[in-house]
1. Just to be sure before I move on: is residue 71 at pLDDT below 60 and either part of a loop (DSSP other than H, G, I, E, B) or farther than 19 Å from residue 2 by Cβ (or both) in the structure I sent?
2. How many of the residues in the stretch 1-57 are without any contact (Cβ under 8 Å) to a residue 12 or more places away in the chain, under 16 Å from residue 67 (Cβ atoms) and either touching a strand residue (DSSP E or B) at 6+ places or on another chain (Cβ under 9 Å) or surrounded by 15 or more Cβ atoms within 10 Å (Cβ to Cβ) (or both)?
C-alpha cells in the first residue's frame, strides 16, 4: 500500500468518516476508491487532487510532507534522513 493510501485511510479513520461517503464525495464508485486504497489501482495525480480536496487537506498531507496543521517538520525529518543515508 502506498504512503498516500495509508495517509488517506488514517485521515478517514481519525475523522470518523465512512470510506464510502468519502468515495462518493470525491466522485468515485466505492469499489474504485477501495481499489485505490488497497493498491489494486494506481493512484494518479488527479486522484491525489480529488482525495485531498474532499478531505480538505493539502496534497502534501497525503504524501506525508506535512501534518494537518501545515507543519513541515515531517518533511524536514525525511530530508535529513535521506541526506544521512546518502553519506552512509
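1. yes
2. The number of residues fulfilling the criteria is 1.
The values are calculated or read from the model by the stated rules, or taken from the named source; none is laboratory data. All values derive from a computational prediction rather than experimental measurement. Cβ coordinates were reconstructed from backbone atoms using ideal geometry, including for glycine residues, and neighbour counts include every protein chain displayed.
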